[in-house]
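Since the structure comes first, as structure tokens, the remarks are kept for the end.
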Amino acid sequence: MLLTMKSVHSLAHVCSRMTPMYISTTPGKYLQRCFASKTLEHTRKRKKPGGAGNRILSDAREVFEFNAWDHVEWDTEQEEAAQAAVAKNSTIKMSDDQRERFQSDAPKFWDSFYGIHDNRFFKDRHWLFTEFPELAPISNNEHSEPRSIFELGCGVGNTILPILQYSTETQLRVYGCDFSARAIEILRSQPQFDDKRCEVFVMDATQEEWNVPFEENSQDIIVMIFVLSAIEPSKMQGVLDNCYRYLKPGGLLMFRDYGRYDLAQLRFKSGKCLEDNFYVRGDGTMVYFFTEQELRSMQTKAGLVEEQLIVDRRLQVNRGRCLKMYRVWIQTKFRKPLLKS
């Protein structure tokens, strides 16, 4: 059974006020209420958010058996409800002056963000090596090839630190940059950080010319995880063009970010929209919500060749509050072609 956005919200409201029982949602269909944790013998969790998962919700009565479900299909009513929510919160656009302020002061807002959260924001991405096995440690031996990884928008090290922690490669070189000087400061202070194998620096990736400590055509892998969405749409293509420029021939650009109609987009209030599908959060940071067609077009235009493009629609469950949250992420892998001989 597929639940609509409207029925999900109303059901959650009712659930919070009822004793454990079965609740009728449509004639002949039933959904089990989420019991308190004492009633459940165990909690079965899904930690990785990957698009290759196979936990499929085939019986709506089992929705609270796990914390997340993969490959959730939307019916027409749910899709239309999402479109209506976005149309409503996008009706009023911010003024040119407001847009300029948020775009020009983006590093300041991110500094403030990391200043508030400090290293509490760091979370080891357990799913990282599952979704991007190319980042996984390579067995170290005298014949192992040197490799170089660059993360654009590295933040406080959610991707870089696991790579450094688990890899014993002597010829591994990791680079990272971020808008925020505060984020780089926090990353350097972490016990897992290894300045012999890693160099991190502050850089505005939207600049036409990148000031980086490596040559063009030098990176085996460039990583962008929830980064491009923080950049104003008119500058996204330039960022991807520079990724192509610094990848080795045969190098790989790995990407994960927000998809169109993700819960985060639907939650925005009116007046927070900068331009279509581009918003300002309460802390001043910006976020865009992509379609697969947009990402395919931009990366192909940069000269990259598609190897993977996954729209990851998932249902996350808050069992304690009996809430269902529909998330949409997009994951891609695009490769720089080898030079023709």
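Has the stretch 322-331 got any residue that is surrounded by fewer than 16 Cβ atoms within 10 Å (Cβ to Cβ) and at pLDDT below 95?
no
State whether one or more residues within the stretch 145-163 are surrounded by 15 or more Cβ atoms within 10 Å (Cβ to Cβ), acidic (Asp, Glu) and not in a strand (DSSP E or B). Write out each step before concluding.
Of all residues in the stretch 145-163, those surrounded by 15 or more Cβ atoms within 10 Å (Cβ to Cβ) come to 147-163.
Subset that is acidic (Asp, Glu): 151.
Remaining after also requiring not in a strand (DSSP E or B): none.
The answer is no, given that none of the residues of the stretch 145-163 is surrounded by 15 or more Cβ atoms within 10 Å (Cβ to Cβ), acidic (Asp, Glu) and not in a strand (DSSP E or B).
Within the stretch 143-192, work out how many residues are hydroxyl-bearing (Ser, Thr, Tyr) and within 21 Å of Asn217 (Cα to Cα).
Of the residues in the stretch 143-192, 3 are hydroxyl-bearing (Ser, Thr, Tyr) and within 21 Å of Asn217 (Cα to Cα).
Considering only residues that are among the acidic types (Asp, Glu) and more than 22 Å from Lys235 (Cα to Cα), look in the stretch 165-214 and name the one that is modelled with the lowest pLDDT.
Glu169
Name the single residue that is surrounded by the fewest Cβ atoms within 10 Å (Cβ to Cβ) among those in the stretch 73-95 being among the hydrophobic types (A, V, I, L, M, F, W, C) and touching a residue at least 40 places away in the same chain (Cβ under 8 Å).
In this case the residue turns out to be Ile92.
Take the residues in the stretch 169-207 that are open to solvent by 70 Å² or more (accessible area, probe 1.4 Å) and over 18 Å from Ser148 (Cα atoms), then tell me which one is nearest to the chain's Cα centre (by Cα).
Val202
The values are calculated or read from the model by the stated rules, or taken from the named source; none is laboratory data. Note that the structure is predicted; figures quoted are calculated from it, not measured. Note: ideal-geometry Cβ built from the backbone for every residue, glycine included; neighbour counts use all protein chains shown. These accessible areas exclude ligands, DNA and RNA; they are computed on the full protein's heavy atoms, side chains included. Shrake-Rupley method; radii C 1.70, N 1.55, O 1.52, S 1.80 Å.
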